[in-house]
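Got a structure here, written out as structure tokens. Questions coming.
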Amino acid sequence: MKNPIKHLAAFVSILILTNCVTEPEKGSMEHLVKVTEQVNTERLISADATPEDWLSYGKNYNEDRFSPLDQITKSNIDSLGLAWSINLGTKRGIEATPIVVDGIMYVTGPWSIVYAIDARKGELLWTYDPEVPKGYGEKACCDVVNRGVALYQGLVYVGTLDGRLVAINAATGEKTWEVLTVDQGKAFTITGAPRVVDGKVIIGNGGAEYGVRGYITAYDALSGVQDWRFYTVPGNPADGFESKAMEKAAKTWTGEWWQYGGGGTAWDAMAYDPELNLLYIGVGNGSPWNRDIRSPEGGDNLYLSSIVALNPKDGSLKWHYQTTPGETWDYTATQHIILADLEINGAPRKVLMQAPKNGFFYVIDRTNGQFISAEPYVYVNWAEGIDKETGRPIETSFSRYPNMNSEIAPSALGGHNWQPMAYSPANGLVYIPAREMGMYYGQPNKFTYTDDGRSWNTGSEFNASKKVHEDPMARQFFGKLIAWDPIEQKEVWSVKQPSPWNAGVLATGEIIFQGTSEGDLVAYDANTGEKVWSYPLETGIIAPPITYEIDDVQYITIPVGWGGVLGLWMKFTEQINPGTIYTFALGKNGQLPNFPKQTAKEVVNLDFDAMEEELQHGEQLYLRYCSACHGGGDKPVGGGTIPDLTYSSPEIFAQITQIVGGGIFLEKGMPNFGDRLDESDISDIKNYILSNAKKAREAQIVANK
Ligand code: CA
């Protein structure tokens, strides 16, 4: 060497550089780049090899939400306490599952906003707001929620409420690319988490309460270029079919279904078997719900309420299994799908498990879609059972509410909804966040289906006062965490819960974690259901917890934000605090954030002057345009995140024409109904609300006597 000093300097700089590349400071930009770029197809396929991370929505491609981390046990759980919390300052529902890689967490809140968090310190790294126009909230059937992101090779993917798919730089929080996945002129929304499969990011959408046609789309994960699209229901045959699957499906529809959209939105469940090269998608309900309207001569209406298995290379259909042929109750099959290998009758089977809304727990052969077994996991009266030969339901005579209203169980909320289950391969049990609840379904008196593309159109009536098929069992109203044996198809244990709207589930080691509507994060013994720990978080919980490990310490994180479809109408806690991410570990005893106490409000007391028929008209309009968010008119309770109007101030009522018909609260998320409601309509709605307030005051007086 001619110049040893220069050589030494070069050597040292290489040392520094090498050191920087291999050991960047945790939480630094370099660290984020490094750990997120390493999340590739291979890592996602072998996600269970790194239990310290939680790499995708369902934890792995089986979507089993089981973590082998077992530091937290029945014997030490008493010392589980708050490590940190982050107040997101949001108001609406949080349904998201966080994703974690080497202590870096990505989670979503209301309005599809993405948060990157350093989970070592409990510090916010960046926020990405896709700036969803707040007026879009009226197209969201079930709150402005989002269930989470996907992560792949340095990009974070979020589906936005207004139908975009956005890829964000995982280190900087800056947008890398964005595609529009829907026709924004229609009432499509995205609340589900994308999944990345075979280098493609897969995203569905919702809107089957509003008259859309469902589909799922695959985009190249790095470039955002569309790869394929699978429609779930056929369009107008005169326009030609997109695929053989649609041609086949069209034979199961009658009338002019395409006029109604058809539905079948794939708004949540996906799972993937890399060995079989099959992507499983859960398909939603019919649009409108009532089959008599959308397909008047009957028919199975494929692929509504089905599980479809697609080739992820090209989106072609490999097989389907329809849980609810001729769907007419909003019985989606979009609920969580879990893949497992079980021994059934002495033979190893590759199965797919689902507890869709219709109340039956299904075990299906995931290689070919063959029916294996199904038994009711909650009270069911729409069908007597599932025919073991055909795999089809044996419907009861009153189930399609032909000539009268029928009390049917489960309700449109389902025996189980989007709240994720968990499956523990350790003890073979599936944990279902279920509910016992039915409702009235009926034919509309006269044909009242109208389509403005922006409000609920179910084509069904929910009036209990009409002549009904009664069933007191369908009047149950409570939640149930069920431990289910999928081989024996029976309940092993269950915990009854006061509210029917509880959170998703996590299975870790020997413990099951679940949040409740009453605001508690609860731990149960996985084998017995014994409650072993609980922690009060003041606000109702709907999102599922996750677990991960940093520096040999196991953490539990639970996002809390009350809402979702039932959460818009009811609450089960005194307080509704802002959206907050809470993280727990053994030996920690952090303090809860000190949120201001909310005070009770008085029911509004204003004079009004309206004829009975104006009040009835006001009620109809209220139920159509207001109740999905503000709650069911005659029961002044409210979910606490959106105002219950019977408690609104006289100042609000003084401005009601401008609020409802002038869009002055658009930025708060209140839509402008000016193109659909005139001044006299708004006056009828106002008087209807005031008449409910009067009834509420009178009821109070009676109660006080
Ligand atoms: Ca639905």
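Roughly how many whole Å is it from the C-alpha centroid of the range 489-565 to that of the range 114-158?
22 Å
Follow-up question, since we're still on this one. When you count, for each residue, the other Cβ atoms within 10 Å and take the mean per peptide, how do 319-331, 72-84 rank with the highest first?
Details: 319-331: 24.8, 72-84: 16.2.
Highest mean packing first, the order is 319-331, 72-84.
Kirkwood Rh over Cα pairs of the range 177-235 into Stokes-Einstein at 37 °C, 0.692 mPa s: D in µm²/s?
On the way: Rh = 12.0 Å.
Answer from the Stokes-Einstein relation: 273 µm²/s.
A follow-up question, please. Would you please state the base-10 log of I(q)/I(0) at q = 0.22 1/Å for the range 128-174, with intensities from the Debye formula using one equal scatterer on every alpha carbon?
Those come out to -0.78, one per q.
Another question, then. Modelling each spin label as a point 7 Å along the Cα-to-Cβ direction, I'd like the D525/N277 distance in nm, to one decimal.
Simple spin-label model gives 4.8 nm for this pair.
For a Förster distance of 51 Å, can you work out the FRET efficiency between the beta-carbons of Q655 and K248, rounded to the nearest 0.05?
Working: r = 54 Å, r/R0 = 1.06.
With a Förster radius of 51 Å, E is 0.40.
Would you please give the FRET efficiency between E343 and K496, computed as 1/(1 + (r/R0)^6) with r the Cβ-Cβ distance and R0 = 41 Å, to the nearest 0.05? Mind dumping the intermediate values first?
Details: r = 31 Å, r/R0 = 0.76.
So the FRET efficiency works out to roughly 0.85.
When the Kirkwood radius is taken over all Cα pairs of the range 203-353, what Stokes-Einstein diffusion coefficient follows at 25 °C and 0.890 mPa s, in µm²/s? The partial results should precede the final answer.
On the way: Rh = 15.6 Å.
Roughly 157 µm²/s, to the nearest whole number.
Still on this model: What three numbers, in Å, describe the spread of the alpha carbons of the range 153-282 along their principal axes, ordered from the longest?
52, 37, 22
Further, regarding this structure: Ratio of Rg to Rh for the range 500-543, alpha carbon only, Kirkwood? Write out the running numbers ahead of the final one.
Numbers: Rg = 9.9 Å, Rh = 10.3 Å.
When Rh is taken as the Kirkwood radius, the ratio is 0.96.
How long, wide and thick is the range 34-96, going by the Cα atoms along their three principal axes, in whole angstroms, largest first?
Per principal axis, max minus min of the Cα coordinates gives 36, 36, 25 Å.
Hey, can you rank 56-63, 540-547, 245-252, 194-201 by average C-beta count inside 10 Å, highest first?
Working: 56-63: 25.8, 540-547: 29.2, 245-252: 18.4, 194-201: 23.6.
So the order, starting with the most tightly packed, is 540-547, 56-63, 194-201, 245-252.
Pick out, in residue order, every one of the chymotrypsin sites (Phe, Trp or Tyr not before Pro) in the range 388-449 that is DSSP loop and has at most 12 other C-beta atoms within 10 Å; say none if there are none. Each step should come with its number before you reach the end.
On the way: sites: F398, W418, Y423, Y431, Y440, Y441, F447, Y449; in loops: F398, W418, F447, Y449.
Hits after loop and neighbour filter: F447.
List the trypsin sites (Lys or Arg not before Pro) within the range 75-154 that fall in a DSSP loop (any state other than H, G, I, E or B) and whose Cβ has at most 16 other Cβ atoms within 10 Å.
Numbers: sites: K91, R92, R120, K121, K134, K139, R147; in loops: K91, R92, R120, K121, R147.
For trypsin sites (Lys or Arg not before Pro) across the range 75-154 that sit outside H, G, I, E and B with at most 16 neighbouring Cβ atoms in 10 Å, the list reads K121.
In square nanometres, what is one fourth of the surface area of the convex hull spanned by the alpha carbons of the range 328-402?
Working: hull surface 22.0 nm².
Its average projected convex-hull area is 5.5 nm².
Also, I was wondering about something else. Rg (Å, one decimal) plus Dmax (Å, integer) for the alpha carbons of the range 95-139?
12.3, 38
How much length is gained if the chain between K175 and K388 is pulled fully straight, taking 0.36 nm per residue apart and subtracting their Cα-Cα distance, in nm to one decimal? Spell out each step's value before the answer.
Working: separation 213, 0.36 × 213 = 76.68 nm, distance 5.03 nm.
Once the chain is fully extended between K175 and K388, it gains 71.6 nm.
Another one. Among rounded, prolate and oblate, which fits the range 472-617 when a ≥ b ≥ c are the square roots of the eigenvalues of its C-alpha gyration tensor, a/c under 1.5 means rounded, and a/b larger than b/c means prolate?
Details: a/c = 3.16, a/b = 1.51, b/c = 2.10.
Taking the square roots of the gyration eigenvalues as a ≥ b ≥ c, the range 472-617 is oblate.
Another question about this same structure. For q values of 0.10 Å⁻¹, compute log₁₀ I(q)/I(0) with the Debye formula on a Cα-only model of the chain, without solvent.
So the normalised log intensities work out to -0.94.
Tell me the relative contact order for the range 455-566 as a rounded percent, counting alpha carbon contacts under 8 Å between residues six or more apart.
On the way: 198 pairs, mean separation 18.3, N = 112.
Computed over the range 455-566, the figure is 16 percent.
Need one value: the accessible area of Y303 in square angstrom, 1.4 angstrom probe, rounded to the nearest 10.
0 Å²
Note the per residue figure in Å³ for the convex hull of the C-alpha positions in the range 411-555.
Values: hull volume 24.9 nm³, N = 145.
Cα convex hull per residue, to the nearest whole number: 172 Å³.
Would you mind computing, in nm to one decimal, how far apart the modelled labels at Q700 and Q259 are, each placed 7 Å from Cα along Cα→Cβ?
4.9 nm
Now, a different point. Which values of log₁₀ I(q)/I(0), to two decimal places, follow from the Debye formula for the range 516-599 at q = 0.11, 0.16, 0.20, 0.21 Å⁻¹ with a uniform point scatterer at every Cα?
Log-scaled intensity ratios, in q order: -0.34, -0.69, -1.02, -1.09.
Ok, one more. Would you mind getting the accessible area per residue of the chain, heavy atoms of the protein chains only, 1.4 Å probe, in Å²? Could you put the intermediate results ahead of the total?
Working: 27210 Å² over 705 residues.
On a per-residue basis, the chain sits at 39 Å².
Taking Cα pairs under 8 Å and at least six residues apart, what relative contact order does the chain come out at, in percent?
Values: 1888 pairs, mean separation 89.3, N = 705.
In percent, rounded to a whole number, it is 13.
Could you work out the equivalent-ellipsoid semi-axes for the range 605-688, taking the square root of 5 times each eigenvalue of the Cα gyration tensor, largest first, in whole Å? Could you put the intermediate results ahead of the total?
On the way: eigenvalues 60, 49, 33 Å².
One finds semi-axes of 17, 16, 13 Å for the range 605-688.
Which value results when the Cα radius of gyration for the range 91-193 is divided by 2.2 N^0.38 Å?
For the range 91-193, the normalised Cα radius of gyration is 1.03.
Here is a further query. Take the Cα pairs of the range 562-705, get the Kirkwood Rh, then feed it into Stokes-Einstein at 37 °C and 0.692 mPa s and tell me D in µm²/s. Walk me through the numbers before you get to the answer.
Working: Rh = 16.9 Å.
The diffusion coefficient I find is 194 µm²/s.
A further question follows. Based on the Cβ-Cβ distance of L606 and A464, what FRET efficiency does E = 1/(1 + (r/R0)^6) give at R0 = 25 Å, to the nearest 0.05?
On the way: r = 29 Å, r/R0 = 1.16.
Between L606 and A464 the formula returns 0.30.
If contacts are Cα pairs under 8 angstrom and at least 6 residues apart, what is the relative contact order of the range 35-138 in percent?
Details: 127 pairs, mean separation 19.3, N = 104.
Reported relative contact order: 19 percent.
Here's another thing I want to ask about it. Just in the range 602-696: which GluC sites (Glu not before Pro) are loop by DSSP and have at most 12 other Cβ atoms within 10 Å? Working shown, then result.
Details: sites: E602, E612, E613, E614, E619, E651, E667, E679; in loops: E602.
Those that pass, being in a loop and sparsely packed, are E602.
First check a/c for the range 468-541, with a ≥ b ≥ c the square roots of the eigenvalues of its C-alpha gyration tensor; if it is under 1.5, answer rounded, and if not, answer prolate when a/b is larger than b/c or oblate otherwise. Each step should come with its number before you reach the end.
On the way: a/c = 2.78, a/b = 1.24, b/c = 2.24.
It comes out oblate by the Cα gyration axes.
Multiply the residue gap between K313 and Q620 by 0.36 nm, knock off their C-alpha separation, and tell me the result in nm, one decimal place.
Numbers: separation 307, 0.36 × 307 = 110.52 nm, distance 4.77 nm.
Gain on extension, K313 to Q620, equals 105.8 nm.
Which listed residue (W289, Q620, V132) has the Cα farthest towards the positive end of the charge dipole for the chain, taking +1 on Lys and Arg C-beta and -1 on Asp and Glu C-beta about the Cα centre?
Selected residue: V132.
Of all the accessible heavy-atom surface of the chain, with the other protein chains kept in place and a 1.4 Å probe, what percent is carbon and sulfur?
Values: 13800 of 27210 Å².
Exposed carbon and sulfur together represent 51 percent of the surface.
The values are calculated or read from the model by the stated rules, or taken from the named source; none is laboratory data. None of these values were measured; they are calculated from a predicted model. Every residue, glycine as well, gets a Cβ built from its backbone with ideal geometry; the counts of neighbours run over all protein chains shown. All accessible areas refer to the heavy atoms of the entire protein, side chains included, with ligands and DNA or RNA removed. Shrake-Rupley method; radii C 1.70, N 1.55, O 1.52, S 1.80 Å.
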